[in-house]
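Contents: one structure, followed by commentary.
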Amino acid sequence: MTQITITPPAYVTQSEELYDKALDPQVARRLIGFIAPYKWQMILSALLMLAATVSSVIGPYLVKVAIDDGILAKNPLVLRNVVLVYLGAAILRWAFIYWRVNIMAWVGQSFIYDLRKKLFAHLQKLSLGFYSRYSVGRVITRVINDVETLREFVIWAVLAIARDLFALVGIVIAMLALDIKLSLITFITIPLMVLATRMYRARARFAYRRVRAAISWVNSVLAENINGIRVVQAFSRQARNYSNFSDFTNRYHLQTVISAAKVAAAFLPVVDVLGALATAAVIYFGGAAVLGESISPGVLVAFVLYIDRYFDPIRDLSRRYDTLQSAMAGGERVLNLMDTPVEVRDAEDAQTLPPIKGDVRFENVSFNYSDDPTPVLRDIDLFAPAGSTVALVGETGAGKTTLVKLLSRFYDPVEGAVLVDGIDLRKVTQDSLREQMGIVLQDPFLFNGTVRDNIKFGRLDASDEEVEAAARAVGAHEFITNLKSGYDSPVEEGGVLLSVGQRQLISFARALLADPRILVLDEATSSVDTQTEQIIQRALATLLKGRTSFVIAHRLSTITNADKIVVIHDGQIVEQGTHDELLKKQGMYYDLYQTGFQE
Amino acid sequence: MSLFRLKFILKPYLPHLALSMLNLLGLTALSLYVPRVIRQVIDDGIIPVNIDVIIRSALILLGLGLLTAALVGAQRFISEWIGGHIGYDIRNKLYDHIQHLSFSYHDHTKTGQLISRCIEDTRAVQNFIGGSVVEIIQLVFLLIGALAIMFSANWQLTLIAILPIIPMIFMTFDFGKRITALFFHVDHMLGELSARLQENVSGVQVVRAFARENHEIERFDETNRGYFQARIKVIGTWAKVMPTTDFLVTMCTILILWFGGNMVLTGELSVGELVAFNAYVLMLATPAQQLTWLVNAAGEASAGAKRVLEVLDTQPEIESPPGAVNPSTLRGEVEFRDVVLKYLDEKKDSLTNINLRVKPNQLIALIGTTGSGKSSLVNLIPRFYDVSEGAVLVDGVDVREYDLVGLRSQIGLVLQTSLLFSDSIRENIAYGRPDASEEEIIAAARAAQADEFIRSLPEGYDTVVGERGVTLSGGQRQRVAIARALLMDPRILVLDDSLSSVDTQTEQLIQQALDKLMEGRTTFVIAHRLSTVRRADLIVVMDRGRIVQTGTHEGLLAEGGLYKEIHDLQLIENKFAEDEEIVEKEKLEVRRTKDFG
């Protein structure tokens, strides 16, 4: 296997993935903040650990008593009592460990649970702009895999570190009490250890960040290709995709794992080297001291025996430190996601939008996406009185979709304001706005669950009758009842077993059930066959009645029936008026009309 | 145990595992030897004060320490190396296999679950094989060794002392079995969590549009809590077994103390023998505790292996048959013979009694209500699904006899929703033919009316699109998808409602380009617009999975029936007479058809 240099795509190595700011203390502090609510459980665990340790330390002592006072003193009664006490201690120890492990498991899992809950809630607030930058795979990596790296650490390591530190302090005190000079010789290793740790930390953090980023890449490739499996197979791309995966993405991951292993493999033995150095030095200098009779042989013997115990917790700590680095790399990314600013957020004094009539006004609205300064909309002035239907017309990419996205407040305008009933949308809560709006998107998206669940998504407390009525109104009832379990038929991920037309009908029923004051239809009527479309047109006519609606459509009938037609070109409104007015004008609408919106 | 079935993955790494084993043995030997050296220093160097011995021993200890350090580093590296490679191999195998699984499998499988198997489950297996397998082997040796020493020291006492070991063995085996099942559930829940998240991210617009964030948070919470509970159950089980093992080892000491003590009292045993024997028993303690750890790790890995194997064991339903025919250039004759199609979970047939013969280079329009089976019908030609009864023949040969790649590479497909990949537009167009030249790619884009807008993008053909790139509109995506299909220069072209989301101007441009391209290919078009349907050589009208009418536009109009109904409906819709005139004028230019406005 030849080592080749793989350059992952920019998003894998981007600064935000491998940022250099060493955030250790901050990351650790903030993560500890998540465990803080469980501090009493942690303390209890620590006490239980102590108790378990005592009950095991007591063992050798009991053996000694049994031998000295029981066996040697030929006193079977003492022997029996000691054995009983020992048994009691063992049972207690069992209980202590059982209790502690359960508590810590609960704490650790709660920590993970809380973290994911917070992350998910945050994801629900992030604007759509975030989702156009972050692929599904990357979001999954952070919420699932990166959080997983923290799990083991919290459950097993936190207490173990505390235990090691206690042990270390105890041994250091014992060593100092025994002989200060020899202790100092041993402690010379401490600054060396610190130095090694420092050198290691920078490298390890970098290496483990790369591992996390590589997993993110693997996840993205998997998510995208499994989602697009139908296209993959249609174009017989399996072999090529496979070699892309195994030669690049997966291999890059392997390389990062191995280089992280190299870093760890270089660091872990440091303790053993220092331990050997210290032992050799103590024996040598200590031996000389014994010769010079400045210490007794007994002290040196005891000291040599202690050195080993001194390095045991250090060895354990350095191993934990390695896991910690890996966990921190994950923790960093988790916090990074949690810190992603919410672009569209409710103002602090945001009001609940009262039940609206449905007047919609765009006032001098200009807009560009945050990552691209090219204006998408410029100086949009538009008024739609309550109950009117506005048809948006223009070429692909003219800005129609963006315009309705501003109305739904998926984005905020860069300049100007969007007003509903004279209220600036930025002054109200997003929920109260969207609860009064219905949106039918270009690609009807259905969730895992039953057909009924999917329709109910429009109004969660709707009764079965209401669900059915909505389905009937859009002409979906017939095909739904033909499905295996009717309304309870499962819809698989993305609704693949339903045709596009059927999915669209369900998404209509969903919008209808929501009974919105303002309705947005985004090119949604275009892929249904004529008969179904007829039914829908009729349903929509009743639906549109009394609602303000913005329709992006190519259908002439929809356009001509609209109260107002707005022609958008290059991000600007070039014409608006009724069908007849615009025809008379012989402007852009006339041209569009001539080339034909229609069949 | 599923883990054993993954042993084929281990094969290439047996030498490495052996090396790892040797390394570990070396480490163990060192850890046993170093205390002896220290004891020697104490006995021969310090107590009698012999500086030569002291210096020599100090040097020996230094040397041994350095050796230990080297082995510790090597052990870490070898285990990560083996684990890393095994993970790499498993992920490759999984990915390769997933890619070949048929549509019907993917229809019922959540992406999040599949990803979870490739990442988390694979990780469990690789960690175990890389790190723990050799440890388990070593542990078993240590246990056997300790027992052997005990037996040779005093077999009667040993028989008493190992009494608690017997339930321990049973418990450990039982624990291994139970923990595997529990871990399997944990993995499943993690997969569900991942699937839930995946779905939520994909459907984010809908969630926002209906202000259903809290509803989604609740749903996520349910799964999150399920995962929490599954994990707690695992640790709860472990929390019982781990201290019990500890307790049973302590019981050994207690038994020795009691029976051994009484033996000393009756003079059958000396105190020294009793103390020494107890020291041997303590040798059991550490490995016994580690054993539960390792069995736990084995359970986790075994559950992961089971989930990995679940995927690998699924046979792709649709594969090239042995001795497959690799078609040379197809003529493009397609025949459906008594075709019935029933999807796995449907109660009714999706296609019934389909008989249709299409001559090379014909243009076929499929028309019918939504869910009438049009897409199902065309999906049979590239063998995305296999018929339940009857046969689909291309150039007179059953499609099930062709080499899959050979067949599919001659079929160009434009699906209803055009999915592009996160890559440059160039790569996306060249998706089916990565070796295509720049000129060919541009020509295909031109033909699909995409060249112009692509050039207006910031980086032209190098602009990255898809999940992470520039967001194209539905119409733009559609045109790139058409270019992608055209570049294949297919003999059979399937356009599944592919013009639905482009605006009318663009549609006309594409239509004109397609008209040229359809020449000399068999083309199936699923369309709702009569303008497209009219020019077909053969119109197939479908209803509820059956072909109800076939014929030309004029013929079908004269015949009456469903086609006329649909046609009249559209006429009513285009209620303005002038529209019809415009349409008709245009029609006359394209193809001289009868005016019936």
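Does residue B:91 satisfy the condition of being basic (Lys, Arg), part of a helix (DSSP H, G or I), more than 7 Å from chain A (Cβ to nearest Cβ) and closer than 28 Å to residue B:296 by Cα? Before you say what the answer is, go through the steps one by one.
Values: basic (Lys, Arg): yes; part of a helix (DSSP H, G or I): yes; more than 7 Å from chain A (Cβ to nearest Cβ): no; closer than 28 Å to residue B:296 by Cα: yes.
Considered against the rule, which asks whether it is basic (Lys, Arg), part of a helix (DSSP H, G or I), more than 7 Å from chain A (Cβ to nearest Cβ) and closer than 28 Å to residue B:296 by Cα, residue B:91 comes out as no.
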Original post:
Which residue out of A:310, A:284, A:306 is out of contact with any Asp or Glu (no Cβ under 7 Å at 6 or more places or on another chain) and either within 7 Å of another protein chain (Cβ to nearest Cβ) or closer than 30 Å to residue B:403 by Cβ (or both)?
Top reply: A:284
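If you check B:193, B:248, which single one turns out to be more than 7 Å from chain A (Cβ to nearest Cβ), in a helix (DSSP H, G or I) and at pLDDT 90 or above?
Values: B:193 fails: more than 7 Å from chain A (Cβ to nearest Cβ).
Within the list B:193, B:248, the selection yields B:248.
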Subject >> Residue satisfying all of: in the range A:447-461; hydrophobic (A, V, I, L, M, F, W, C) and within 8 Å of chain B (Cβ to nearest Cβ); farthest from residue A:367 (Cα to Cα) among these >> reply: A:460
Subject >> Elements of type strands (runs of 3 or more DSSP E) contained in the range A:544-599, each with 3 or more residues being surrounded by fewer than 20 Cβ atoms within 10 Å (Cβ to Cβ) and at pLDDT 85 or above >> reply: A:572-577
Subject >> Failed item, numbered, when residue A:433 is tested on (1) hydrophobic (A, V, I, L, M, F, W, C); (2) at the interface with chain B (Cβ under 10 Å from one of its Cβ atoms); (3) surrounded by fewer than 20 Cβ atoms within 10 Å (Cβ to Cβ); (4) more than 17 Å from residue A:487 (Cβ to Cβ) >> reply: (3)
Subject >> Matching entry among A:371, A:308, A:316 (being touching a helix residue (DSSP H, G or I) at 6+ places or on another chain (Cβ under 9 Å), of a type in the set (Asp, Glu), farther than 30 Å from residue A:169 by Cα and surrounded by fewer than 19 Cβ atoms within 10 Å (Cβ to Cβ)) >> reply: A:371
Original post:
Of the residues A:173, A:226, A:188, which is touching a residue at least 60 places away in the same chain (Cβ under 8 Å) and of a type in the set (Val, Ile, Thr)?
Top reply: A:188
Original post:
Does the range B:196-203 contain at least one residue that is more than 7 Å from chain A (Cβ to nearest Cβ), under 27 Å from the mean Cα position of the chain (by Cα), over 30 Å from residue B:149 (Cα atoms) and free of Cβ contacts under 8 Å to residues at least 60 places away in the same chain?
Top reply: yes
Subject >> Residue among B:101, B:27, B:71 that alone is over 35 Å from the mean Cα position of the chain (by Cα) and crowded, with 20+ Cβ neighbours inside 10 Å >> reply: B:71
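Which of the residues belonging to the range A:182-209 are within 13 Å of another protein chain (Cβ to nearest Cβ) and under 23 Å from residue A:266 (Cβ atoms)?
In the first step, residues of the range A:182-209 are kept if they are within 13 Å of another protein chain (Cβ to nearest Cβ); the result is A:182, A:185, A:189, A:196, A:200, A:204, A:207-208.
Once the filter is applied, which keeps residues that are within 13 Å of another protein chain (Cβ to nearest Cβ) and under 23 Å from residue A:266 (Cβ atoms), the range A:182-209 yields A:189, A:196, A:200, A:204, A:207, A:208.
From the residues in the range A:234-250 that are in a helix (DSSP H, G or I) and facing another protein chain (nearest Cβ under 7 Å), which one is nearest to residue B:481 (Cα to Cα)?
Of the residues in the range A:234-250, the ones in a helix (DSSP H, G or I) are A:234, A:238-250.
Cutting the leftovers down to facing another protein chain (nearest Cβ under 7 Å) gives us A:234, A:238, A:240-242, A:245-246, A:250.
Working: A:234: 12, A:238: 18, A:240: 19, A:241: 18, A:242: 22, A:245: 23, A:246: 26, A:250: 28 Å.
Looking at the filtered set, the residue picked out is A:234.
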Original post:
How many of the residues in the range B:381-407 are part of a loop (DSSP other than H, G, I, E, B) and touching a Leu at 6+ places or on another chain (Cβ under 7 Å)?
Top reply: 6
**OP:** For the range A:234-253, state whether one or more residues are at pLDDT 90 or above, touching a Leu at 6+ places or on another chain (Cβ under 7 Å) and of a type in the set (A, V, I, L, M, F, W, C).
**Re:** no
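Looking at the structure I just gave you, is residue B:104 part of a helix (DSSP H, G or I), within 30 Å of residue B:341 (Cα to Cα), of a type in the set (S, T, N, Q) and more than 7 Å from chain A (Cβ to nearest Cβ)? Spell out the reasoning first.
Details: part of a helix (DSSP H, G or I): yes; within 30 Å of residue B:341 (Cα to Cα): yes; of a type in the set (S, T, N, Q): yes; more than 7 Å from chain A (Cβ to nearest Cβ): yes.
Judged against the criteria, residue B:104 is a match.
Going by the structure shown, is residue B:130 modelled with pLDDT of 85 or more and under 30 Å from residue B:385 (Cβ atoms)?
Numbers: modelled with pLDDT of 85 or more: yes; under 30 Å from residue B:385 (Cβ atoms): no.
When the stated conditions are applied, residue B:130 does not pass them.
Look through B:300, B:317 and report the one residue that is touching a helix residue (DSSP H, G or I) at 6+ places or on another chain (Cβ under 9 Å), assigned to a helix (DSSP H, G or I), within 14 Å of another protein chain (Cβ to nearest Cβ) and within 30 Å of residue B:99 (Cα to Cα). Steps first, answer last, please.
Details: B:317 fails: assigned to a helix (DSSP H, G or I).
B:300 is the lone residue from the list that is touching a helix residue (DSSP H, G or I) at 6+ places or on another chain (Cβ under 9 Å), assigned to a helix (DSSP H, G or I), within 14 Å of another protein chain (Cβ to nearest Cβ) and within 30 Å of residue B:99 (Cα to Cα).
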Subject >> Failed criterion for residue A:401 (all others in (1) under 20 Å from residue A:518 (Cβ atoms); (2) of a type in the set (Val, Ile, Thr); (3) modelled with pLDDT of 90 or more hold) >> reply: (3)
**OP:** Mind counting the residues in the range B:251-261 that are more than 13 Å from residue B:164 (Cβ to Cβ) and more than 7 Å from every other protein chain (Cβ to nearest Cβ)?
**Re:** 1
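Does residue B:320 satisfy the condition of being without any contact (Cβ under 8 Å) to a residue 12 or more places away in the chain, closer than 25 Å to residue B:378 by Cα and surrounded by fewer than 19 Cβ atoms within 10 Å (Cβ to Cβ)?
Working: without any contact (Cβ under 8 Å) to a residue 12 or more places away in the chain: no; closer than 25 Å to residue B:378 by Cα: yes; surrounded by fewer than 19 Cβ atoms within 10 Å (Cβ to Cβ): yes.
Answer is no for this residue.
I'm trying to understand the selection: among the residues of the range B:434-468, which are in a helix (DSSP H, G or I) and of a type in the set (Val, Ile, Thr)? Talk me through it step by step, then tell me what you get.
Just the residues of the range B:434-468 that are in a helix (DSSP H, G or I), to begin with: B:438-447, B:451-456, B:460-462.
Of everything in the range B:434-468, those that are in a helix (DSSP H, G or I) and of a type in the set (Val, Ile, Thr) turn out to be B:441, B:442, B:454.
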Subject >> Restricting the range B:224-239 to residues that are within 27 Å of the chain's Cα centre (by Cα) and small (Gly, Ala, Ser), the residue that is surrounded by the most Cβ atoms within 10 Å (Cβ to Cβ) >> reply: B:230
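Could you check the range B:439-465 and list, in sequence order, the residues that are among the basic types (Lys, Arg) and more than 12 Å from residue B:483 (Cα to Cα)? Reasoning before the result, please.
Restricting attention to the range B:439-465, the residues satisfying the condition of being among the basic types (Lys, Arg) are B:446, B:455.
B:455, the sole residue that qualifies.
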**OP:** Take residue B:348 and decide whether it is within 13 Å of chain A (Cβ to nearest Cβ), modelled with pLDDT under 90, closer than 17 Å to residue B:493 by Cβ and within 36 Å of the chain's Cα centre (by Cα).
**Re:** no
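The values are calculated or read from the model by the stated rules, or taken from the named source; none is laboratory data. Not measured: the values here are computed from a predicted model. No Cβ is skipped: glycine too gets one built from the backbone with ideal geometry, and neighbour counts run over all protein chains shown.
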